[in-house]
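Mind looking over this structure? Questions follow.
The values are calculated or read from the model by the stated rules, or taken from the named source; none is laboratory data. These numbers were taken from a predicted model, which means no experiment stands behind them. As a convention, Cβ positions derive from the backbone with ideal geometry for all residues, glycine included, and neighbour counts pool all protein chains shown. In case anyone asks, the SASA skips ligands and DNA or RNA and just uses the protein heavy atoms, side chains included. Shrake-Rupley method; radii C 1.70, N 1.55, O 1.52, S 1.80 Å.
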Amino acid sequence: MTWSRYGRGGWNNLGPMIAMMAASAASEWEDNERRSRRNRSWHDGQKRRKRRGRMFGSGELRLALLALIEKEPRHGYELIRAIEDMTGGAYAPSPGAVYPTLQMLEEEGQIKPAKAKAKDEDGETSGKKPFKATKSGKAELEERADEVEELMGRLGEHGERAERVKEKSPDLFRAMGNLANVLKNRAKAGKLDQNTINEIVDIIDEVAKRIERL
């Protein structure tokens, strides 16, 4: 069994996915602690839970990508990394969501291909196609400036929260990172057949039960 490098559940997304789960669990704990110290309305609690369920609401990924491209020309992978950095490594949008959205933005005339960068972030010649915002794209961002500010602020707050969680429990993130790396490396080496995967699932399920009993 192999996972696509850029598929919905690709092994390269495993580290951020596990980090996001840890951040979400710790964030829930942090919110519960905060709620115990002050009263919150039911409506506010519902809104916060809904927000944690999905990083982006309808159309928000499109707006975030357009805003990041307007700031500087970028290609798909750079955009994924930019959002991952903004959220403190706790979330990275899948290529399966980013690239179709970029295609849609291009078809809408909001972005267009930019001059290819001579070298990528590793100092090597890159064949990836960067995009830049068009006049129409910039006009949309001006018209929706309040939405952009709120969205980017929310992503930044999520990143700050993730960093606070990491500071509180660095060993937890290190251990979960080790798990992600081991699984990813075994997958790359072709050492994850169905029987091995079943054994790993059993181990993880057993660990989860032991943690729940603590």
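Considering only residues that are open to solvent by less than 30 Å² (accessible area, probe 1.4 Å) and either in a helix (DSSP H, G or I) or modelled with pLDDT under 95 (or both), which ones fall in segment 95-112?
Across segment 95-112, the qualifying residues are 95, 98, 101, 102, 105.
Provide a single number: the residues in segment 157-186 that are among the small types (Gly, Ala, Ser) and closer than 21 Å to residue 207 by Cα. I'd like the intermediate steps shown before the answer.
The initial filter retains those residues of segment 157-186 that are among the small types (Gly, Ala, Ser), namely 159, 162, 169, 175, 177, 180.
Checking which are closer than 21 Å to residue 207 by Cα leaves us with 169, 175, 177, 180.
The qualifying residues number 4.
Tell me the helices (runs of 4 or more DSSP H) entirely within segment 144-214 that contain at least 2 residues that are in contact (Cβ under 8 Å) with a residue 12 or more places away in the chain and either acidic (Asp, Glu) or over 19 Å from residue 92 (Cβ atoms) (or both). Don't jump to the end; show me each part of the working.
On the way: elements: 145-168, 170-188, 194-213.
Where helices (runs of 4 or more DSSP H) fall fully within segment 144-214 and carry at least 2 residues being in contact (Cβ under 8 Å) with a residue 12 or more places away in the chain and either acidic (Asp, Glu) or over 19 Å from residue 92 (Cβ atoms) (or both), they are 145-168, 194-213.
Could you tell me which of the residues 116, 92 is open to solvent by 40 Å² or more (accessible area, probe 1.4 Å), among the hydrophobic types (A, V, I, L, M, F, W, C) and modelled with pLDDT under 90?
Values: 92 fails: open to solvent by 40 Å² or more (accessible area, probe 1.4 Å).
None of the other options fit; the residue is 116.
What tally of residues in segment 187-202 results from selecting those that are open to solvent by 90 Å² or more (accessible area, probe 1.4 Å) and touching a Phe, Trp or Tyr at 6+ places or on another chain (Cβ under 9 Å)? It would help to see each step written out before you state the result.
Just the residues of segment 187-202 that are open to solvent by 90 Å² or more (accessible area, probe 1.4 Å), to begin with: 188, 191, 194-195, 199, 202.
Add one more test, that the residue is touching a Phe, Trp or Tyr at 6+ places or on another chain (Cβ under 9 Å), and what stays is 188.
Summing the residues that are open to solvent by 90 Å² or more (accessible area, probe 1.4 Å) and touching a Phe, Trp or Tyr at 6+ places or on another chain (Cβ under 9 Å) in segment 187-202 gives 1.
Which of the following residues is under 25 Å from the mean Cα position of the chain (by Cα), within 23 Å of residue 65 (Cβ to Cβ) and part of a strand (DSSP E or B): 138, 128, 132? Steps first, answer last, please.
Values: 138 fails: part of a strand (DSSP E or B); 128 fails: part of a strand (DSSP E or B).
Result of the check over 138, 128, 132: 132.
Turning to a different aspect of this structure: What's the number of the only condition in (1) surrounded by 15 or more Cβ atoms within 10 Å (Cβ to Cβ); (2) at pLDDT 95 or above that residue 145 fails to meet?
Against the list (1) surrounded by 15 or more Cβ atoms within 10 Å (Cβ to Cβ); (2) at pLDDT 95 or above, residue 145 comes up short only on (1).
Further question: Pairs please, first residue from segment 74-86 and touching a residue at least 24 places away in the same chain (Cβ under 8 Å), second anywhere and open to solvent by 20 Å² or more (accessible area, probe 1.4 Å) and assigned to a helix (DSSP H, G or I), Cβ atoms under 8 Å, 6+ apart in sequence or on different chains.
Here the result reads 76/99; 84/16; 86/152; 86/156; 86/158, each pair linking segment 74-86 to a residue that is open to solvent by 20 Å² or more (accessible area, probe 1.4 Å) and assigned to a helix (DSSP H, G or I).
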